[in-house]
There are 4 protein chains.
Amino acid sequence: MTSELFAALYARGDVAAELSDAAWVRAMLDVEAALARGCAAEGLIPEGSATEIEAVCATSRVDLAVLRDGVASSATPVIALVRALRERVGEAARGHVHLGATSQDILDTALMLMSRRAFVPLLDDARACADAAAALARTHRNTAMIGRTLLQQALPTTFGLRAAGWLVGLDGARRDLARARDEDLAVQMGGPVGARAPGVARRVAEDLGLAEPPLPWHAIRLSPAALACALGGLCGVLAKIARDVTLLAQQEVAECREGGPPGRGGSSAMAHKRNPVAAVSVLACAKRTPGLVATALACMEAEHERAAGAWQAEWGTHVELLSLTGSATAWARDLLENLEVDPERMRANLADAAVGETVPQGAGELIERALEAHRSAR
Amino acid sequence: MTSELFAALYARGDVAAELSDAAWVRAMLDVEAALARGCAAEGLIPEGSATEIEAVCATSRVDLAVLRDGVASSATPVIALVRALRERVGEAARGHVHLGATSQDILDTALMLMSRRAFVPLLDDARACADAAAALARTHRNTAMIGRTLLQQALPTTFGLRAAGWLVGLDGARRDLARARDEDLAVQMGGPVGARAPGVARRVAEDLGLAEPPLPWHAIRLSPAALACALGGLCGVLAKIARDVTLLAQQEVAECREGGPPGRGGSSAMAHKRNPVAAVSVLACAKRTPGLVATALACMEAEHERAAGAWQAEWGTHVELLSLTGSATAWARDLLENLEVDPERMRANLADAAVGETVPQGAGELIERALEAHRSAR
Amino acid sequence: MTSELFAALYARGDVAAELSDAAWVRAMLDVEAALARGCAAEGLIPEGSATEIEAVCATSRVDLAVLRDGVASSATPVIALVRALRERVGEAARGHVHLGATSQDILDTALMLMSRRAFVPLLDDARACADAAAALARTHRNTAMIGRTLLQQALPTTFGLRAAGWLVGLDGARRDLARARDEDLAVQMGGPVGARAPGVARRVAEDLGLAEPPLPWHAIRLSPAALACALGGLCGVLAKIARDVTLLAQQEVAECREGGPPGRGGSSAMAHKRNPVAAVSVLACAKRTPGLVATALACMEAEHERAAGAWQAEWGTHVELLSLTGSATAWARDLLENLEVDPERMRANLADAAVGETVPQGAGELIERALEAHRSAR
Amino acid sequence: MTSELFAALYARGDVAAELSDAAWVRAMLDVEAALARGCAAEGLIPEGSATEIEAVCATSRVDLAVLRDGVASSATPVIALVRALRERVGEAARGHVHLGATSQDILDTALMLMSRRAFVPLLDDARACADAAAALARTHRNTAMIGRTLLQQALPTTFGLRAAGWLVGLDGARRDLARARDEDLAVQMGGPVGARAPGVARRVAEDLGLAEPPLPWHAIRLSPAALACALGGLCGVLAKIARDVTLLAQQEVAECREGGPPGRGGSSAMAHKRNPVAAVSVLACAKRTPGLVATALACMEAEHERAAGAWQAEWGTHVELLSLTGSATAWARDLLENLEVDPERMRANLADAAVGETVPQGAGELIERALEAHRSAR
């Protein structure tokens, strides 16, 4: 399904690495270890068992083929994983592996843990995008250009204000993502029907750095949906920026062009062309995300204590959404950090528009607001 | 496009009333009035002009046909609206109508104002849903039932815990909506290219009870998208509840049934049937919303200072989404407030399942957590 | 939910008129009449009853409020409609009204009948679009312009070939729509659980000019989904055309501009502007349709003999989708029939691109193919 | 992005194998070879060059890393592929590699070729699904059961009629897929701006067994969208079937249960459970598809001669959609071929419903129609 081939397009940057099969297995093992520690801390199993399970989880390499076959026979890899772990611990600890847990506890928590890990490079890149937009806003605060509405020349503005708009969008999306990270990346530890007392969940949440939800959320999928929405929001902002760059980079406009390494953007048939590869890549990723968010929302219609189908549809959806968002962000960072702006051409186009060249007084003040907000957002 | 015929299904309750054509016109007039007051407060126009414009806005009935024709010739009703207002004020105030504003300022702010008005009944109904779920959780905290995962009988739980899960979902969605209301229902007052100084926007925001954004957001559509996501999240929770009710109301399960007025749920061909009309209506509305959220996200790809198409697609999308969410919430309130629960049947089904009848000790504690969180959320 | 106010945007042209509440009522009455005639033809009821029922259906005005209340109590207007009809026929015919039918039979068939009626102006406008594209292809078969890939100038082509591409897309979408009309606009007459013998269905299908399906499709929703897909396909083609026009109409490019009535496209704040109102309207409609198609596809997951929620979600979805597609098509017709092309500017831009001016020899041949295919498609 | 780990869920069966990176490379090489043969046949290059290029394409193993880096620098792997091929042929043939083609020609045609290859197992599995449904319809033509509407018991029907409904849906989706295969899996060979004379395209189409389109469709994306729609339609039918099975397999209903290999469907926490793994897997795949179809439709809005972003978003979308549809179909085949039906329990549930046990006379006739249609469809 996926592809090394298109990795540079759909899975650029460090986010995708946190979403690999190996990352899934690592996260599931980390959750089983944290569960054992939590059970010991709550006095449900001996410390010795927890230590032994933890050691096995830390060092074990679980054969992917075994887990894959587990998915084929039970639509989850967890049963096979637990069986493998039990085989590797001593008899005394055997019954203490996965104690009181259900497959969904492990998978949901593992996905949240992976997401938390993926959020580190994602938010790094998003911050770098915002910083780059801020730099553009600062540098071009007085760079007059023609504003365009409905793709028609309208009245003067500045490129700094355009970049300040990008900045405000990026900072807003970052705020929403940080909130999703803190509230929605939550532990799941509810046991077979979600009725497990919350003590173990609290321990595991602290241990793994995840939020502690009020209740198990096996069938109340607001958090994964909110996570999806925050990712979709960032992609929307990035799409706006990339769309602007493709338009400004038209030769007929020529107010911006992509920088980036030499040789990027060549064409197989037209040697003279320089294609806006970064902007195209951002758009390619971002266009794929609204449909994924819709899927995440539709999957909220979960039956009883665990959904038949809607839950299992989430895994691929979220991994895809995270990966695409990560890639779009990495490409946008590249785009923004290397964007070449041509103030001369902006001035010339503005003069051609013949609508005067006086930029509204508010532009500078607005730029300052955006920059000030960005400074406090960092 | 819409329909009185299906209003009880897709537009039940008080939310839809805030989204009518009359509500649009009222909101646009309110925005023009607030703009005039704001301009006066900023010293841009005389107080007398503001007073006159305000009076005209308050009392004018603008012919819908005129606005509709305006849409046909300019894809916005605002030009025609402004022309009508200018005709009705004295010559001195004529130039002070709509001062410094652009059509999008009026439409965006009007949509946000309408949304704010629609949020009142929406959040009322959502709170009533949560209260009803809380009451079910309290009443049935010890009502044992068989938990079901993947639609198969699993282990014992309580109906109280099921209802507590609904409650937590509802309170989470309410929190997200309240946040969207406070942060994303923002004023728009940026002028033709979004470069207007923020003084007037601040005045209008205070005046109309809307948030003041850092910058005009003509082409940075994170706020409308976030609003859409919050609505989609509530619908997802409601769909989960309604799905559960349709499943519990199957005669073979018979653990719940819809209450509601006598005669509801009859069938044209089968007199003995009692259809779960409220749950069906919730689901019918909720299933229409993920696609609308996807549209709102896709519309974030806006060109330059104002989008050609993406912005104009938002109006119908948001009105539809708000209306459907309002209707789903009103139906869910009806459903939850009138739900008939059959503890005897739950006990019998649990006994049939032959998995013991001991509910996990955690269930009660979890219910208390949910109820406690609900009390502090109100 | 909808709006007179935005009718010129979202519901332009004659399609929307076929989707009004009055059209729904008329269609339901026509179906009840056809059902009575079909029952008589099959010998299930006396001819006299059929004649009487038909007369009542033809002349009755059913109070919308009564039907709306019916929706509130049963999630369908049909029970109330049938009650009203029974009150209006003589006692002998009373039991012959709605004989053997279920609410879904009437609603599904009525929606298909309305769709069939809406397809007349829809396909008229689509054909006019194609004719206009063909005329542009013919007129500009030798009008050289610079081809643009990834929004960058590439190599020479002709505007005729661009228009020929539009034409092929339009003719393809028309073929798909005609096929959907002939295959998917099917009668529904399965009775309460879809087990009714096909004789009556065949009669009603012939009577109303609808397709006769192999089986009742109460819970097998491939036909409505296919209908939605065909509409979505046309919108995609129209969006492509409108996107091109917005790009070609940029002042910096200036190779096309919208015609249309004088005064169209003015701006509230910038008197010098001429906005591409038709293209913007096409895009605004078309951007709303992919999400609606997704909803139609998701609604195929129908339970047992009749879906709880998924079916009821279709009505609004299909009406919206038809209306938006109709409006996009009407706007596109306006756009294409009035498009102003500037061959001089195309030539100048091509010269500026400095990639030579020799158009590939294939261009003319391809245009001829498209025109030839169009002639045989008409 | 994807995953061996979840391959049994999202990528079961033989379809996914046709969509791997290796399959992409193979398809691109096959297209370059066919292009060379086509150019020779049209007299554009010497036969010897074609033979040499063909041999290189047949035997070359292109380093994936090189192609991946090509994507990073140009958003397409084709430039790097062509460079590699040119290095491997003699100097005389060097200029004859990729003659007159553009990257999109190769990628579009390769995707269509891969799709054509994937359609073989896909349609095999879909036919097996239909055959299995036909067998169920035949076997159970007289197996009475209670029909259920809105999840409520309604009136008697037969399980044979239920299965006949599945059959008609499957055969309808197969017809649509076969049509998409024959019409929409089309060659692309338009050259840099889509103006290449059609001779070479015709040759390549015949060579590779693809349809010959009237015009290059670089920016007219009706065919890929129609392909997506046909896949989405099949998934919708499969979701309906799987949803039915999950409902019929509830212990409280117990009219069907999944067969399949022993041990499938176990639970990590509840040894007594038997989960409907196949139905859950079908639903998990199918729920992910409407959002993907929406993306494919949204990507039709392509700029000028080649889209910036919308085209590049298609690759992952289509691969994902094909893979998920293939997996859903393979799982559904397993489900249908091994379904265990319990006529006794159906009879008992029908008796409990107390609505009589007389199945409508039409049921048998309808089943025969479905079976007859299936026979002629094979």
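The values are calculated or read from the model by the stated rules, or taken from the named source; none is laboratory data. These numbers were taken from a predicted model, which means no experiment stands behind them. Methodologically, a virtual Cβ is constructed for each residue, glycine included, from the backbone with ideal geometry; neighbour enumeration extends over all protein chains shown. Calculation scope for accessible area: heavy atoms of the full protein, side chains included, ligands and nucleic acids excluded. Shrake-Rupley method; radii C 1.70, N 1.55, O 1.52, S 1.80 Å.
Here are the numbers for this structure:
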| quantity | calculated |
| --- | --- |
| So D:VAL62, is it of a type in the set (A, V, I, L, M, F, W, C) and farther than 29 Å from A:VAL280 by Cβ | no |
| Failed criterion for D:GLY191 (all others in (1) at the interface with chain C (Cβ under 9 Å from one of its Cβ atoms); (2) farther than 18 Å from D:ALA41 by Cβ; (3) touching a helix residue (DSSP H, G or I) at 6+ places or on another chain (Cβ under 8 Å); (4) not acidic (Asp, Glu) hold) | (2) |
| Selected residue (only one of D:GLY43, D:GLY48, D:GLY38 is open to solvent by 20 Å² or more (accessible area, probe 1.4 Å), in contact (Cβ under 8 Å) with a residue 40 or more places away in the chain and among the small types (Gly, Ala, Ser)) | D:GLY48 |
| Those residues of the range D:223-241 which are among the hydrophobic types (A, V, I, L, M, F, W, C) and either in a loop (DSSP other than H, G, I, E, B) or more than 7 Å from every other protein chain (Cβ to nearest Cβ) (or both), in sequence order | D:LEU227, D:ALA228, D:ALA230, D:LEU231, D:LEU234, D:CYS235, D:LEU238, D:ILE241 |
| Residue selected from the range A:243-287 under the condition polar (S, T, N, Q), more than 22 Å from the chain's Cα centre (by Cα) and at the interface with chain D (Cβ under 9 Å from one of its Cβ atoms), by the criterion nearest to A:HIS140 (Cα to Cα) | A:THR246 |
| Residue identified as modelled with pLDDT of 95 or more and touching a helix residue (DSSP H, G or I) at 6+ places or on another chain (Cβ under 7 Å) among C:ALA348, C:ALA286 | C:ALA286 |
| Flag if B:VAL78 is surrounded by 19 or more Cβ atoms within 10 Å (Cβ to Cβ), β-branched (Val, Ile, Thr) and more than 14 Å from chain C (Cβ to nearest Cβ) | no |
| Residue count for the range D:4-17, restricted to those that are more than 8 Å from chain A (Cβ to nearest Cβ) and surrounded by 24 or more Cβ atoms within 10 Å (Cβ to Cβ) | 1 |
| The one condition in (1) facing chain C (nearest Cβ under 9 Å); (2) open to solvent by less than 10 Å² (accessible area, probe 1.4 Å) that B:PRO290 fails to fulfil | (2) |
| Residue identified as of a type in the set (Gly, Ala, Ser), in contact with a Gly (Cβ under 8 Å, 6 or more places away or on another chain) and open to solvent by less than 10 Å² (accessible area, probe 1.4 Å) among C:ALA278, C:ALA302, C:ALA310 | C:ALA278 |
| Residue under evaluation C:HIS98, criteria (1) outside any helix (DSSP H, G or I); (2) open to solvent by 20 Å² or more (accessible area, probe 1.4 Å); (3) in contact (Cβ under 8 Å) with a residue 12 or more places away in the chain; (4) within 12 Å of chain B (Cβ to nearest Cβ), criterion not met | (2) |
| Subset of the range C:58-69 (residues that are under 25 Å from C:GLY316 (Cβ atoms) and either in a helix (DSSP H, G or I) or among the basic types (Lys, Arg) (or both)) | C:ARG61, C:LEU64, C:ALA65, C:VAL66, C:LEU67, C:ARG68, C:ASP69 |
| Count of the range D:253-267 residues which are open to solvent by 10 Å² or more (accessible area, probe 1.4 Å), touching a helix residue (DSSP H, G or I) at 6+ places or on another chain (Cβ under 7 Å) and either farther than 23 Å from D:ALA11 by Cα or part of a helix (DSSP H, G or I) (or both) | 1 |
| Scope the range D:223-247; condition of a type in the set (A, V, I, L, M) and under 13 Å from D:LEU336 (Cβ atoms); matching residues | D:VAL237, D:LEU238, D:ILE241, D:ALA242, D:VAL245 |
| Any hit, the range B:298-306, residues being at the interface with chain C (Cβ under 9 Å from one of its Cβ atoms) and not charged (D, E, K, R) | yes |
| Residues being within 14 Å of chain D (Cβ to nearest Cβ) and either over 14 Å from A:THR59 (Cα atoms) or out of contact with any Leu (no Cβ under 7 Å at 6 or more places or on another chain) (or both) - total across the range A:32-46 | 1 |
| Any hit, the range C:218-233, residues being within 20 Å of C:GLU32 (Cβ to Cβ) and either under 19 Å from the mean Cα position of the chain (by Cα) or buried (at least 24 other Cβ atoms within 10 Å of the Cβ) (or both) | yes |
| Hey, C:GLY209 surrounded by fewer than 23 Cβ atoms within 10 Å (Cβ to Cβ) and under 21 Å from the mean Cα position of the chain (by Cα) or not | yes |
| Candidates C:ARG347, C:ARG369, C:ARG333 - the one that is away from every other protein chain (no Cβ under 13 Å), farther than 16 Å from C:ARG174 by Cα and not in a loop (DSSP other than H, G, I, E, B) | C:ARG347 |
| Unmet criterion (only one of (1) more than 30 Å from B:LEU339 (Cα to Cα); (2) at the interface with another protein chain (Cβ under 7 Å from one of its Cβ atoms); (3) touching a Leu at 6+ places or on another chain (Cβ under 8 Å)) for B:ILE220 | (3) |
| Which listed residue, of A:ALA72, A:ALA92, A:ALA55, A:ALA84, is open to solvent by 20 Å² or more (accessible area, probe 1.4 Å), within 24 Å of D:SER3 (Cβ to Cβ) and either part of a helix (DSSP H, G or I) or facing chain D (nearest Cβ under 8 Å) (or both) | A:ALA72 |
| Scan of the range D:58-69 for residues that are within 13 Å of chain A (Cβ to nearest Cβ), exposed (fewer than 15 other Cβ atoms within 10 Å of the Cβ) and touching a helix residue (DSSP H, G or I) at 6+ places or on another chain (Cβ under 9 Å), ordered by number | D:ASP63, D:VAL66, D:ASP69 |
| Conditions (1) open to solvent by 50 Å² or more (accessible area, probe 1.4 Å); (2) in contact with a strand residue (DSSP E or B) (Cβ under 8 Å, 6 or more places away or on another chain): number failed by A:ASN349 | (1) |
| The range C:353-366 residues that are assigned to a loop (DSSP other than H, G, I, E, B), paired with ones that are open to solvent by 40 Å² or more (accessible area, probe 1.4 Å) and among the polar types (S, T, N, Q) (beta carbon under 9 Å, 6 or more apart) | C:VAL359/C:ASN142 |
| Residue check for D:ALA178: closer than 16 Å to C:LEU222 by Cβ, touching a residue at least 24 places away in the same chain (Cβ under 8 Å), more than 11 Å from every other protein chain (Cβ to nearest Cβ) and assigned to a helix (DSSP H, G or I) | yes |
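Matching residues to (1) of a type in the set (Gly, Ala, Ser); (2) in a loop (DSSP other than H, G, I, E, B); (3) within 30 Å of C:VAL280 (Cβ to Cβ):
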position	(1), (2), (3)
A:ALA110	yes, no, no
A:ARG116	no, no, no
A:ASP124	no, no, no
A:ALA130	yes, no, no
A:ALA134	yes, no, no
A:GLN153	no, no, yes
A:PRO156	no, no, yes
